[in-house]
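Have a look at the structure below before the remarks.
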Amino acid sequence: MEYLDFELPIKELEDQLDKCQIIGQESDVDVTNTCKQIEKKLEETKRKIYKNLTAWQRVQLSRHPNRPYTMDYINSLCGDTFLELFGDRSFKDDKAMVGGLGKIEGQSFMIVGQQKGYNTKTRQYRNFGMANPEGYRKALRLMKMAEKFGIPVVTFIDTPGAYPGLEAEERGQGEAIARNILEMCRLKVPVICVIVGEGASGGALGIGVGDKVLMMENTWYSVISPESCSSILWKSWEYKEQAAEALKLTSADMKKQKLVDDIIPEPLGGAHYDRETAFKTVQQYISKAYNDLKDLSTTDLIMQRMNKYSKMGEYKE
């Protein structure tokens, strides 16, 4: 397990607990009470730390290298029922964007999401979860296919942003994202979006327009990353913590501003501490969201979705 800077007190106590247990196993000394005291202190320390996380600390948790990624959720929720589909039928297959058909609790869904890598090799293969235009066009192709056959759509959002390279711009990155936003607004099937990691900028919005937008507790959703915001406003990355606070990007902030519909609670310490519980909770929230939407007529579904987004923000005419 890797530890973040603010988690070091937890690491020290866990190391103490391990040493105490080893002493008990290798000698005749009764260390039961000592171990219980350390366990109690460890639990208290965890609750104290994770109860008072800053916005920047939540950003760090959302990027934790042990945190489950999109394919982890898909494999857990769908098992062997998932059939991955490839290509945008125009340029090529984008490995940063995955998608396909799968069943969750017996219900078929078209599932689309950004996928990051687990090590240097796979991170390069997945382009660090940053999709090119062909990735968004693949996502749209799959969603339109789902619409054709009346299959609801689930998207998993986890990206530091759409790929900003010259070749991506040449192939129409902005147009591809804008087209997805337009088409998702009027998709004739239920759309459920789940932010499972980073939700940055248009890269997240390209698959983030839905009837229900769910956000995991230790994730963030914003027009720009704290580092980029800091570099623009202060000409340095040193002010990323202040930027994170100012951007109001945490799940609690998003819920308060009515930009997301619900917050999915995570196990103490984050989804990576207890993956199975995290997977089960996400499954429950997806099923609940679908049950709330499945009986709506196509007209009501689209109207409700458009009304939801038209009410966001403040403006004067």
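The values are calculated or read from the model by the stated rules, or taken from the named source; none is laboratory data. In this text the structure is predicted, and so the values were computed from the model without any measurement. Virtual Cβ from ideal backbone geometry, glycine too; neighbours counted across all protein chains shown. Side chains are part of the model used for accessible areas, which takes the heavy atoms of the whole protein and leaves out ligands, DNA and RNA. Shrake-Rupley method; radii C 1.70, N 1.55, O 1.52, S 1.80 Å.
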Inset, instruction - Work out the charge dipole of the chain with +1 on the Cβ of Lys and Arg and -1 on the Cβ of Asp and Glu about the Cα centre, then indicate which of Y125, I151, S76 is farthest towards its positive end. - result: I151
Inset, instruction - Determine the principal axes of the Cα atoms in the chain, then give the extent along each, sorted from largest to smallest and rounded to whole angstroms. - result: 70, 51, 41
Inset, instruction - Give the accessible surface of segment 141-213 per residue, rounded to a whole number of Å², with probe radius 1.4 Å and ligands, DNA and RNA excluded. - result: 33 Å²
Legend entry - Contact order relative to length of segment 1-69, as percent, for alpha carbon pairs under 8 angstrom and 6 or more apart: 40 percent
Inset, instruction - Could you let me know the centre-to-centre spacing of segment 46-106 and segment 238-283, using Cα atoms, in angstrom? - result: 14 Å
Legend entry - 1.4 Å probe accessible area per residue over segment 234-317, in Å²: 66 Å²
Legend entry - Charge dipole magnitude, Cβ of K and R +1, D and E -1 - the chain, Cα centre, debye nearest 20: 1060 debye
Legend entry - Charged-residue dipole, Cβ positions (Lys, Arg, Asp, Glu), segment 145-221 about Cα centre, Debye nearest 20: 380 debye
Legend entry - Carbon plus sulfur fraction of accessible area for segment 125-221, probe 1.4 Å, in percent: 59 percent
Legend entry - Acute angle (nearest 10 degrees) that the helix 133-148 long axis makes with the longest principal axis of the chain, alpha-carbon atoms: 70 degrees
Inset, instruction - Quick one: compute the contact order of the chain, relative version, from alpha carbon pairs under 8 angstrom and 6+ residues apart, as a percent. - result: 15 percent
Inset, instruction - In whole Å, largest first, what are the principal axis extents of the Cα atoms in segment 166-317? - result: 51, 42, 37
Inset, instruction - Using Cα pairs closer than 8 Å and at least 6 residues apart in sequence, work out the relative contact order for segment 78-219, in percent. - result: 22 percent
Inset, instruction - Quick one: work out the % antiparallel among DSSP beta bridges in the chain, nearest 5. - result: 35 percent
